[in-house]
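*Asks:* Starting off with a structure, shown below.
Only the coordinates and a few stated rules stand behind these numbers; no lab work does. On a predicted model such as this, the values are computed, not experimentally measured, just so you know. Cβ: placed from backbone, ideal geometry, glycine included. Neighbour counts: every protein chain shown.
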Amino acid sequence: MIQKFKLALLAAGIFGVACSPDGATSIDARSLNVASQLSTTPEAVPIWFTITPSTVVGGDAGTPNGTVAVDSAVPFDRALQVSSNNPTVLPFLSTGTVVPAFSTRANVQLIPATVSAPTVVTVFVSGGGVTLSADLTVNPPGTPLPPPTLSSFTVAPNTVNAGVTATGTITAPTAAPAGGLVVSVFSRIPGSAQVPTTVTIPQGAASVSFPVTTTAGFPNSTTSVLLTATNANTLVSSSITVVTGSATTPSPGASLIAPALVSPGNDQRFTRGTTINFDWGDVSGGASYTIQIDDSDTFPSPWITNQTVTVSQFSTASLPATRMWWRVRANSATGVAGPWSAVRRFEVK
């Protein structure tokens, strides 16, 4: 029976079996990689990938950020593969990124090296047999950066009953050029609020409006959905709250849950001047969010940052060079604050 077991393992390619001169048998597990097999993260399928800003100065203090989206959130982490066609210009590019559980987004941090001539680098994100790409233009030191291409993104009304269509409006700082200005649009929870993949600001116009269609979610629920729009060097965002059934705006004392932190990850490091994108999960009934960043994990006042935003994201490039911690909580429309999230540590050097 023992010998049959050994032969079965050998046939399966899991173990190597060796016999010593005295006839004893030993099992060599060098070819066994059970740990990696069990811990393998399933791949996500990317549906949207953009780099903002898409034109930078190599070696400059600020760094661009890649944002990749998948079609739906699931209760486990999913992996995406990352690569570029020019590792010399992007020497620190990670080979992969992870879409955290219950999220539809992952970030790709890009730190371009100094170049002597304008260089276009293509970054690829792959998963589930699908590969998306986005271009990053890296210019030599001293090159002036182009101005922002978008100025705002609004949704009206920003709270609707499920099934009602709202109107999104994207505005540019100047009139669109010949051929119009194409803008990529994305919904963080497309199962609740859907937007076109792209919209075009017509030639000579400074804005475009489009429908934001909504779908019923869980019975008697309220869902806040982050919407983003990107073009070239600019990302703008808005949100819409979708009410299903008899759910209403939370009253004082209504229960809010702690937000789930998405990025940056724990102990992630950034160079000083980097635009750091803080991202967390939407909270049902949350009309706004308060993010605190401090150099102490107990968050004594005054804080380095204490900011209230209406969407579940916050970006800054002005943090000091030190070790810091961040946390977030949701606030209801009446000002009732929910519990703080878990605390994550990161460092700016």
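*Asks:* In the chain, if the dipole is taken from +1 on Lys/Arg beta carbons and -1 on Asp/Glu beta carbons about the Cα centre, which of Ile304, Thr50, Thr213 is farthest to the positive end?
*Replies:* Final value for the positive-end residue is Ile304.
*Asks:* Here's another thing I want to ask about it. Within 10 Å of each candidate Cβ there may be at most 14 other Cβ atoms; applying that plus a DSSP loop requirement, which trypsin sites (Lys or Arg not before Pro) in the stretch 266-341 survive? Let's see the in-between values first.
*Replies:* Details: sites: Arg269, Arg272, Arg323, Arg327, Arg329; in loops: Arg272.
Passing sites in the stretch 266-341 are Arg272.
*Asks:* Once you list every other residue whose beta carbon is under 15 Å from the beta carbon of Leu90, what net charge do they have if Lys and Arg are +1 and Asp and Glu are -1? Don't skip to the end; give the middle numbers.
*Replies:* Details: positive: none; negative: Asp60, Asp135.
Around Leu90, the surrounding residues sum to -2.
*Asks:* Computed on alpha carbon atoms, what radius of gyration and Dmax characterise the stretch 73-227, expressed in Å?
*Replies:* 19.0, 58
*Asks:* Compare the Cα positions of Ser116, Val195, Val70 along the charge dipole of the chain (+1 at Cβ of Lys, Arg; -1 at Cβ of Asp, Glu; about the Cα centre) and return the one farthest towards the positive end.
*Replies:* Val70
*Asks:* Which whole-Hz couplings ³J(HN,Hα) result when phi for each residue of the stretch 222-229 is put into the Karplus expression 6.51 cos²θ - 1.76 cosθ + 1.60, θ = phi - 60°, listed in order with x for Gly and Pro?
*Replies:* In residue order, the calculated couplings are 10, 10, 9, 10, 7, 10, 10, 9 Hz.
*Asks:* List the residues, sorted by chain then number, that are 5 or more residues from Thr159 or on another chain and whose placed amide H is less than 5 Å from its amide H.
*Replies:* For Thr159, the qualifying residues are Thr241.
*Asks:* Also: Mind ordering 286-298, 166-178 by average Cβ neighbours within 10 Å, highest first?
*Replies:* Values: 286-298: 18.2, 166-178: 16.1.
Order by mean packing, descending: 286-298, 166-178.
*Asks:* Right, another one. If you fit an axis through the alpha-carbon atoms of helix 2-11 and take the longest principal axis of the Cα set of the chain, what angle between them do you get, 0 to 90°, nearest 10?
*Replies:* The angle comes out at about 50 degrees.
*Asks:* Another one. Place a +1 charge on the Cβ of each Lys and Arg in the chain and a -1 charge on the Cβ of each Asp and Glu, then give the dipole magnitude about the Cα centre in debye, rounded to the nearest 20.
*Replies:* Values: 14 positive and 14 negative charges, 42 e Å.
Computed charge dipole of the chain: roughly 200 debye.
*Asks:* Considering every pair of different Cα atoms, what Kirkwood radius, in Å, is found for the chain?
*Replies:* 22.7 Å
*Asks:* Can you check what the net charge comes to around Val185, using other residues whose Cβ is under 15 Å from the Cβ of Val185 (Lys, Arg +1; Asp, Glu -1)?
*Replies:* Numbers: positive: Arg105, Arg188; negative: Asp71.
Spelling it out: positives minus negatives among the neighbours equals +1.
*Asks:* About the Cα centre of the stretch 261-348, what is the dipole size in debye to 20, counting +1 per Lys and Arg Cβ and -1 per Asp and Glu Cβ, all else neutral? Could you put the intermediate results ahead of the total?
*Replies:* On the way: 7 positive and 7 negative charges, 15 e Å.
The calculation lands at about 80 debye.
*Asks:* Calculate for the chain the 222 nm mean residue ellipticity that helices alone would give, adding -39,500 (n - 2.57) per DSSP H run of length 4 or more and normalising by residue count, nearest 500 deg cm²/dmol. Walk me through the numbers before you get to the answer.
*Replies:* Working: 2 runs with 16 residues, N = 349.
Taken over the chain, the calculation gives -1000 deg cm²/dmol.
*Asks:* Hey, could you get me the Stokes-Einstein D for the stretch 46-139, Kirkwood radius over alpha-carbon pairs, 25 °C and 0.890 mPa s, rounded to whole µm² s⁻¹? Numbers along the way, then the final one.
*Replies:* Details: Rh = 13.5 Å.
After rounding, the answer is 182 µm²/s.
*Asks:* Only bridges whose two residues both fall in the chain count here: according to DSSP, what percent of them are antiparallel, nearest 5?
*Replies:* Details: 87 of 98 bridges.
DSSP beta bridges in the chain are roughly 90 percent antiparallel.
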